[in-house]
Amino acid sequence: MKRLVLKIGILLFSISLFSCSSLVDFEDKPISAERKQVFKIRFIDQSGYMQTLYGSDAVRDAQVLLKSNLLNEEFNLRTDTNGVVEISGIVSDKYMVSASRQMNPDEMELITGYKIYNHKLLNTKVKLIELRADLSETIEIPMDVVIGGSPIVISEIYACGPPGSGLYWHDKYMEVYNQTDSIVYLDGIIVAVVYASSYLGQNYVDDPEFVHSKSVWMFPGNGTDYPLYPGEFAVCAADAIDHRVNAPNSVDLSNVKFEFYKDDAPDIDNPLVPNMIKIYQSAGNDWLIGGEQGAIVIAKMPVDSLQWFGDQLLIPYRYVLDGVEYLKDPMKLENKILNHSIDGGGTGGIQFYTGKSMERIALNVEGRMVLKDDNNSSMDFVVIPRPTPEFHHSNPKKRK
Amino acid sequence: MKRTFYTIFILLIIHLKFSVGQNFIYNFNGFSFQPDTSIKIFMLGQNPALLNYDEDHELLYIKTSYSFSDEKFKRYFDPERINYYQVRFSGKKKIGDNQIFKGVFEFNKLVRKNWNWIFIKDYNSGNPFLFGDSSSGSSSFNGIYFNANYFNQIFHNSSIGAGLEYFVDEGLKQVSPKPTSQHRNIKFTLGFSYSPLKFINLAIAGMIEDKKEEIFYKEDESAVYKEITLFKFRGIDFPIIVKKKTETRILFYNNYAFSGDIIFKPSDSFLFFSRIYKGIDQSISKEEITNPTNQGYFQNDYFNFEMKSETFWTGRLKTNLSFKYFTSSGWAKHPSFNSLLSEQKQNLSGITGNISYRLNEKLNANFGLGFGQFKFNLNDYYSNVLFDTKSQLISLQTGLKFYFTNSILLETNLLIEKHSPVSSEEFYENSGIYFMSFLKNDLEYFKTEFNRYNLSFLITMQLFSGEIILATDYNYLKPINSSIWNNVQNQNINTFIEYRVKVY
């Protein structure tokens, strides 16, 4: 009897210890260490230009910018004759990729027989890659021909509200900029706030065709009424007033070019500022964008072509001129709501009522200011300490 | 019976690989080799099947203690000041001839002042996935601790025991953005002891520990207009910096350990105790409660071996010898990819000896020596920082035990330790501003020579139909030849008063 009890005791003890191992979920120690991997990225031309010129689809001499999502480190690289960039000593992360290969007129003459300007190869399809120390395979990124770029870009979004004035948020605005060296007419261009609802579990980031919106507005005019001159900005303000009266740390928007006025709500209207035309906004007393996160697109398309999807309007991607997403935590790209083909990243990281704004980075191209537009706001935008309506923070003298 | 013994032995060997523990002595300046003056088997073994070796009597113990430390010689994430308050009730009771119960209930409060950035409570466990914000200030943790041990002598030569520990607390950082935290620890130990011969006792124990830490950054009303910067570390450098007001971090910590003890006592004049302790702990960090995302995995394997002996040569002369070896090896895995962020290894070994001599009926003196060495190696691949150091420790101890009367006993002890770096190597390149400006000195900390002095007093008085114990312990630590910690010192005082009374 004694021996039996003892054996049972030992058995129970043994089971209890063995059960530890079944409870435990130990992971295996990884073999690959951080910063030890040599990463290779190969850029492949899908237009046939490189094949014609060099007998290979490798995109040689392309400028490549890699930006890590978490650490914001940037690396400028250039592809070799095999269309490959190699980089080592960096940490595993998601990296935004911006690759550009400007086709020079001589090359275009060899390809087409004509000296053509403004053709370039861009990575329009793959803008976000994972470089991970545990994988050594070469990553391949396709590049396509892009002729020119969007003449108008969203140059600034100010959404968080000013500091020190309670919950004041009426000074929100978005700004557009004429990138070209010729006049662009804003008439009829659509401004849409991208719709998603985490509460309802609705996120259309992976929609292959359409931007979904519940807030669609349009610039007024009949085609040539509202010109935007080369290098000129136009602010569309939620309320075009001098907000410093209500909030000393805010901004004067009384002289901006456009105002969102919601005529079916107790909204403020500055009669001296032309109103944007409301096509559809399902809720709210004013044009509304998220204070810490959201996305805006501008599109050039016939209003009649807008389609309904339930209580949302659909804007086909092919009509989108530009789109910008800003996130509460720009490192969490998994929370994006705007398709990667329009904006591969996300700017932001701004908290409510800090007075900060998001502005596109300025580049000096042949003596004029061109705003960076690689369709990746993680790389194209910076956060600036104060809003800069209708001027760029790098050139405050141009302020009106 | 022989077969049973072998069965246990085989089980012991089988379970070595499954078992775990804790003890990552990242903050190595905390280690000490104080020569033993006695062997407290139950305390050392932490095996409830050895509760019959516990020296405590069948009394109610009521203890209130306070400790205070002021440390300028510290790593960047160590708080500058610590206050710790404790009220503790414990008692032991024999039930019949074969059963013993021992229980502890405690309230405690921990206050960390001038604590930089980090709000992970066990920030020095070796886990590199630290989390906090850009503020520095005071944080307090109010906790309740409960511990119960049960022992049952099932046969004349074998016993089983079970122990349960439970701890909960709530933390608050008192400066904006005022994050809060909750901790819950449960530890269960199951032990078995067996005496094949009258003078030998073999014991084994398995231990499972489960800890959970939840940290909440919420919208702090006082910081509506203040920008909050959160730090998420993955190594000593390149923290991920996020400007946001709300965040939740959950840390799951599991510890699995196994121990084996041998107690050899052929006569009243000789005692030998040996213990192996092997374990694995793992820390899994996650973010957000509704949709938890992985923030990192850290695992630490450790092994501890110690031997202690106590010999009474005569009625007056006693010697204690001990040897300790401890090694641990930890590694951190990337939260998203199967890659190694860092590895760290440490190794500690030491030997101590002590002689106690009873000069007369009232006076007892002891003198001890200790020698130890410590190795620490860090390969932080993520931060591009490699560090390797080796240091030695020599300790000298002397103490007196004086009976003023039969009812008043005074014990004093003085310990002097010298920690000397023997060698060190370091490498870092392309380092970020956080390492170069703040955390680089942590490497220097590990290779700085210092002396530590400890002076303790303990008075035991028979009063109020019980026993009152007053104790104070003072530590003084001073770095030597340091350009960074020049003319600074660390001071630490621990004091307690305990009342022991027979109430049952």
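The values are calculated or read from the model by the stated rules, or taken from the named source; none is laboratory data. All of these numbers come straight from a predicted model, not from anything done at the bench. Glycine gets a Cβ as well: all are built from the backbone with ideal geometry, and neighbour counts include every protein chain shown. Please note that ligands, DNA and RNA were not included when accessible areas were found on the heavy atoms of the full protein model with its side chains. Shrake-Rupley method; radii C 1.70, N 1.55, O 1.52, S 1.80 Å.
Summary of computed values
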item: Filtered residue count, region A:29-43, keeping only those that are open to solvent by 30 Å² or more (accessible area, probe 1.4 Å), in contact (Cβ under 8 Å) with a residue 24 or more places away in the chain and in contact with a Phe, Trp or Tyr (Cβ under 6 Å, 6 or more places away or on another chain); result: 1
item: Total residues in region A:138-165, condition of a type outside the set (Asp, Glu), touching a residue at least 40 places away in the same chain (Cβ under 8 Å) and either on the phi > 0 side of the Ramachandran plot or part of a strand (DSSP E or B) (or both); result: 14
item: Counted residues, region B:252-269 - those being surrounded by fewer than 22 Cβ atoms within 10 Å (Cβ to Cβ), more than 30 Å from B:Ser383 (Cα to Cα) and within 14 Å of chain A (Cβ to nearest Cβ); result: 0
item: Subset of region A:191-231 (residues that are under 21 Å from A:Pro389 (Cβ atoms), touching a residue at least 60 places away in the same chain (Cβ under 8 Å) and not small (Gly, Ala, Ser)); result: A:Val191, A:Val193, A:Trp217, A:Met218, A:Leu228, A:Pro230
item: So B:Ser328, is it out of contact with any helix residue (DSSP H, G or I) (no Cβ under 9 Å at 6 or more places or on another chain), surrounded by 22 or more Cβ atoms within 10 Å (Cβ to Cβ) and hydroxyl-bearing (Ser, Thr, Tyr); result: yes
item: Region A:131-163, residues that are away from every other protein chain (no Cβ under 14 Å), crowded, with 16+ Cβ neighbours inside 10 Å and under 30 Å from A:Pro387 (Cβ atoms); result: A:Gly149, A:Ser150, A:Pro151, A:Ile152, A:Val153, A:Ile154, A:Ser155, A:Glu156, A:Ile157, A:Tyr158, A:Ala159
item: Residue that is at pLDDT below 95, basic (Lys, Arg), open to solvent by 50 Å² or more (accessible area, probe 1.4 Å) and farther than 30 Å from B:Trp331 by Cα, where the choices are B:Lys109, B:Lys94; result: B:Lys94
item: Residue list for region B:183-207, restricted to those being in contact (Cβ under 8 Å) with a residue 60 or more places away in the chain, aromatic (Phe, Trp, Tyr) and within 10 Å of chain A (Cβ to nearest Cβ); result: B:Phe192, B:Tyr194
item: Any hit, region B:270-280, residues being within 14 Å of chain A (Cβ to nearest Cβ), over 30 Å from B:Ser134 (Cβ atoms) and open to solvent by less than 20 Å² (accessible area, probe 1.4 Å); result: yes
item: Conditions (1) more than 14 Å from chain B (Cβ to nearest Cβ); (2) touching an Asp or Glu at 6+ places or on another chain (Cβ under 8 Å); (3) open to solvent by 60 Å² or more (accessible area, probe 1.4 Å); number of the one not met by A:Gly294; result: (3)
item: Top-ranked residue in region A:347-376 [being within 14 Å of chain B (Cβ to nearest Cβ) and at positive phi; ranked as surrounded by the fewest Cβ atoms within 10 Å (Cβ to Cβ)]; result: A:Gly349
item: Cβ-Cβ under 9 Å pairs, at least 6 apart or on other chains, region B:481-492 side at positive phi, far side among the hydroxyl-bearing types (Ser, Thr, Tyr) and surrounded by 15 or more Cβ atoms within 10 Å (Cβ to Cβ); result: B:Asn481/B:Thr448
item: Residue match in region B:317-340 (condition: assigned to a loop (DSSP other than H, G, I, E, B), modelled with pLDDT under 95 and either under 20 Å from the mean Cα position of the chain (by Cα) or away from chain A (no Cβ under 14 Å) (or both)); result: no
item: Test: residue in region B:294-307 that is open to solvent by 40 Å² or more (accessible area, probe 1.4 Å), more than 26 Å from B:Pro48 (Cα to Cα) and within 14 Å of chain A (Cβ to nearest Cβ); result: yes
item: In region A:271-298, the residues that are of a type in the set (Asp, Glu) and under 16 Å from the mean Cα position of the chain (by Cα); result: A:Glu292
item: Qualifying residues in region B:206-265 (those that are among the hydroxyl-bearing types (Ser, Thr, Tyr) and out of contact with any Pro (no Cβ under 7 Å at 6 or more places or on another chain)) - the one farthest from A:Leu333 (Cα to Cα); result: B:Ser259
item: Restricting region B:341-360 to residues that are within 14 Å of chain A (Cβ to nearest Cβ) and open to solvent by 10 Å² or more (accessible area, probe 1.4 Å), the residue that is nearest to B:Glu417 (Cα to Cα); result: B:Lys345
item: Output for region B:208-251, where each listed residue is over 30 Å from A:Ala33 (Cα atoms), outside any loop (DSSP other than H, G, I, E, B) and more than 9 Å from every other protein chain (Cβ to nearest Cβ); result: B:Phe216, B:Tyr217, B:Glu221, B:Ser222, B:Ala223
item: Residues of region B:159-182 classified as more than 14 Å from chain A (Cβ to nearest Cβ), part of a strand (DSSP E or B) and either open to solvent by 20 Å² or more (accessible area, probe 1.4 Å) or among the aliphatic types (A, V, I, L, M) (or both), total; result: 8
item: Scan of region A:197-219 for residues that are modelled with pLDDT of 90 or more, out of contact with any Phe, Trp or Tyr (no Cβ under 8 Å at 6 or more places or on another chain) and among the hydrophobic types (A, V, I, L, M, F, W, C), ordered by number; result: A:Val205, A:Met218
item: Those residues of region A:164-186 which are open to solvent by 10 Å² or more (accessible area, probe 1.4 Å) and within 22 Å of A:Val303 (Cα to Cα), in sequence order; result: A:Val184, A:Tyr185
item: Among (1) in contact (Cβ under 8 Å) with a residue 40 or more places away in the chain; (2) open to solvent by 40 Å² or more (accessible area, probe 1.4 Å); (3) not acidic (Asp, Glu), the one test that A:Val245 misses; result: (1)
item: Considering residues of region A:112-137 that are at pLDDT 90 or above and not in a loop (DSSP other than H, G, I, E, B) only, the residue farthest from B:Asn338 (Cα to Cα); result: A:Leu121
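Conditions tested, residue by residue: (1) closer than 30 Å to B:Ala332 by Cβ; (2) aliphatic (A, V, I, L, M).
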position: A:Thr52; (1), (2): no, no
position: A:Val59; (1), (2): no, yes
position: A:Lys67; (1), (2): yes, no
position: A:Gly83; (1), (2): no, no
position: A:Ser92; (1), (2): yes, no
position: A:Met103; (1), (2): no, yes
position: A:Lys115; (1), (2): no, no
position: A:Thr124; (1), (2): no, no
position: A:Asp134; (1), (2): yes, no
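Every residue, every condition in (1) at pLDDT 95 or above; (2) within 17 Å of B:Gly143 (Cα to Cα); (3) assigned to a strand (DSSP E or B), yes or no:
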{"site": "B:Gln34", "(1), (2), (3)": "no, no, no"}
{"site": "B:Ala49", "(1), (2), (3)": "yes, no, no"}
{"site": "B:Glu58", "(1), (2), (3)": "no, no, no"}
{"site": "B:Phe73", "(1), (2), (3)": "no, no, no"}
{"site": "B:Val87", "(1), (2), (3)": "yes, yes, yes"}
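Yes/no per residue for (1) under 30 Å from A:Asp329 (Cα atoms); (2) within 14 Å of another protein chain (Cβ to nearest Cβ); (3) open to solvent by 60 Å² or more (accessible area, probe 1.4 Å); (4) not in a strand (DSSP E or B):
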{"residue": "A:Asp25", "(1), (2), (3), (4)": "no, yes, yes, yes"}
{"residue": "A:Leu66", "(1), (2), (3), (4)": "yes, no, no, no"}
{"residue": "A:Phe75", "(1), (2), (3), (4)": "yes, yes, no, no"}
{"residue": "A:Thr81", "(1), (2), (3), (4)": "no, no, yes, yes"}
